[in-house]
Every structure is written in C-alpha cells, then in structure tokens.
1. Kindly indicate which of Arg275, Arg258 is basic (Lys, Arg) and surrounded by 11 or more Cβ atoms within 10 Å (Cβ to Cβ).
2. Search the range 234-282 for residues being without any contact (Cβ under 8 Å) to a residue 24 or more places away in the chain and not charged (D, E, K, R), and hand back the single one that is nearest to Ala54 (Cα to Cα).
3. Taking Phe189, is it surrounded by 15 or more Cβ atoms within 10 Å (Cβ to Cβ), in contact (Cβ under 8 Å) with a residue 60 or more places away in the chain, at negative phi and in contact with a His (Cβ under 8 Å, 6 or more places away or on another chain)?
4. Which one of Glu126, Glu149 is charged (D, E, K, R), over 27 Å from Leu49 (Cβ atoms) and in a helix (DSSP H, G or I)?
5. Identify, by number, the condition in (1) free of Cβ contacts under 8 Å to residues at least 60 places away in the same chain; (2) out of contact with any Leu (no Cβ under 9 Å at 6 or more places or on another chain); (3) surrounded by 15 or more Cβ atoms within 10 Å (Cβ to Cβ) that Gln197 doesn't meet.
6. Taking the range 242-257 as the search range and keeping residues that are under 15 Å from the mean Cα position of the chain (by Cα) and assigned to a loop (DSSP other than H, G, I, E, B), which one is farthest from Met78 (Cα to Cα)?
7. Which fully enclosed helices (runs of 4 or more DSSP H) of the range 1-99 have 2 or more residues being of a type in the set (Lys, Arg), surrounded by fewer than 16 Cβ atoms within 10 Å (Cβ to Cβ) and over 18 Å from the mean Cα position of the chain (by Cα)?
8. Mind checking which residues of the range 103-134 are among the charged types (D, E, K, R) and buried (at least 16 other Cβ atoms within 10 Å of the Cβ)?
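Every number here is computed from the coordinates shown, using simple stated rules; none is lab data. All values reported here derive from a predicted model rather than from experimental measurement. In this analysis, Cβ positions are derived from the backbone assuming ideal geometry, glycine residues included, and neighbour counts consider all displayed protein chains.
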Amino acid sequence: MKEEKYKGFIRVKSGENIRLKDCPTDWAQTEALRTVGKEASKDHAKLLLQQDLAELTKVQQLLYADDRYSVLIVFQAMDAAGKDGTIKHVMSGINPQGCQVFSFKQPSVEELNHNFLWRYMKNVPERGRIGIFNRSYYEDVLIVKVHPELLQKLPDLNKDHAFWEARYQDINAFEQHLTRNGTVILKFFLHVSKEVQKERFIERLDRPEKNWKFTVSDLIERERWNDYMKVYEEAINMTSTAWAPWHIIPADDKWAMRAAVADIITTRLHNLDLRYPILSKDKIGLLAEARKQLENE
C-alpha cells in the first residue's frame with residue numbers, strides 16, 4: 001500500500017464537519033513544512049510533482065490495459081483558484097487518447113429539461129479512461145444555492161432545507177453507483193483565500209494576455225464570498241463519503257497545490273492493484289506462431 005508523500009491537504013472523513021475558515025490556504029499547513037521553510041518545501045514539492053507525473057504516465061497505460069476501472073477527477077473552487085493550471089500541469093504527461101476534460105458552463109435549454117445530473121452522466125469516463133470535470137454536478141448545490149433563480153423548473157419549487165438535503169442524497173447515491181461499477185472518484189476543492197483571489201484578479205487586469213479571463217460577474221460573485229464559503233462547506237460535509245471523499249487543497253501557492261493533487265491521484269491509482277491481462281495458453285501459442293511467421297518473411 002502506497003502512502004501519499006505530500007501531506008499538505010485535508011481529506012474529509014465521512015460524517016466529519018469541517019469549517020473552511022479553519023482549513024489552511026497557504027503552503028505552511030504542517031509543523032514539518034514550517035520547520036523546513038518555504039524555499040526548501042517548494043523545491044521538494046516540485047521534485048515530488050515530477051516523480052508523480054512520471055508515475056502517472058506509466059499507470060495510465062496500465063489502467064487502460066487492466067480495463068476494470070475508470071477514474072473521475074472532480075475540481076471545484078472559487079474563481080482564480082487555479083483549476084485550469086492544475087489540470088494542465090498535473091495531467092501534462094497523460095496520453096490525450098485516454099483522458100477527457102469537461103468544463104461545464106451554463107446549462108442549455110435541453111439540459112435544463114432533464115434532471116440536474118443528466119448532462120454529467122453522459123460524460124462519465126468509460127473503463128480504462130480518466131475523465132476530468134472542471135466544475136461539476138456540485139454547481140447545482142453551490143451556485144444554484146447562492147442564486148436560486150437559476151434552479152430548473154420542478155414540480156416542487158419549495159427550496160427549503162429538505163430540498164437541498166435531497167440533492168445531497170442524490171449526489172451521494174450517484175457517486176456510490178459509479179464506484180460500485182468501477183469508477184474511482186477523486187474530488188478536489190482548491191481552497192484559495194479571498195486575499196489571493198484579489199491578487200490574481202488584479203493580475204488578470206494588469207496583463208493583456210489575461211484580460212479575457214476577467215468579467216464583471218467575477219466581482220459580483222466575489223461580493224457573495226461568505227455565501228459561497230457557507231454552501232461549499234455544507235456541500236463538502238454532506239457529500240464527503242467513504243467511497244468519494246473530498247480533498248481540501250490549499251490553493252494560495254500553486255506549486256504546493258499541484259504537488260498535493262498529483263500525489264493523491266498517483267497514490268490512489270497505484271493502490272488499485274492494476275495489472276496487465278494474463279493470456280491463456282492458446283493465445284500465447286498464437287503469439288509464438290505469429291513470431292515465427294514474421295521471422296520467416
């Protein structure tokens with residue numbers, strides 16, 4: 001059993017009630033890291049990231065050959081937390097034929113006319129493949145909860161506690177169904193501080209090549225920061241299960257965030273006991289005949 005090498009994150013246990021204000025957002029989450037210092041910790045994290053990327057490249061091929069599991073990686077975060085950059089860096093060595101990234105924007109009319117999980121169900125990865133959700137079905141208990149006017153038309157429009165409780169139950173059941181059928185689910189909340197988000201927004205305004213990333217709605221949503229922290233906290237507490245736990249990743253320092261995410265992914269895949277298929281004697285015999293035929297050409 002392989003253990004994570006980078007310890008700078010929180011895995012939320014089933015039934016645990018975390019408070020996001022008590023969860024660190026910067027690199028110095030442990031006494032060991034603080035003792036080593038920022039520069040040494042940064043160098044170590046970069047080394048671990050490179051090692052994990054090399055291992056992830058190998059294990060992806062094994063995942064495909066084994067053909068028993070699929071992997072669904074879910075990223076949720078406030079704007080400017082670094083979802084896109086994390087996906088780019090952590091999955092940089094992955095064969096694109098075995099990996100798909102889905103970024104879910106505002107739902108279409110067709111999607112709104114189905115149940116809230118429908119558009120995500122269509123995109124879960126098949127066996128042997130890795131699927132990445134850049135935002136996910138959790139948006140329906142996050143942004144929709146902050147902006148209830150975005151809720152799809154439903155017979156019962158009483159958006160009370162019982163309504164949201166039922167949605168959490170639907171998500172937990174959906175994820176349990178997936179895991180029972182061989183999908184490994186890894187959920188990451190990239191936990192950025194309000195101060196660092198401000199710095200990154202200003203950077204987007206200062207750098208012309210990043211201007212396109214900034215919209216007026218970013219400031220509008222930032223004004224609802226406390227509301228978002230509340231709904232994120234509740235969603236994490238209600239949907240961190242034994243089969244699909246949440247990982248809270250400090251996101252103020254990108255190097256630490258990427259190292260933690262990569263280490264969790266590679267460790268989880270390593271512990272699946274993946275193996276190449278064992279051929280029958282008949283198939284081995286056919287391979288031997290094929291070799292002879294090629295050698296005699």
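1. Answer to the check: Arg258.
2. Ile278
3. Yes.
4. Every option except Glu149 fails the conditions.
5. (1)
6. Among those residues, the one meeting the criterion is Trp243.
7. 38-66
8. Once the filter is applied, which keeps residues that are among the charged types (D, E, K, R) and buried (at least 16 other Cβ atoms within 10 Å of the Cβ), the range 103-134 yields Glu111, Arg119, Arg129.
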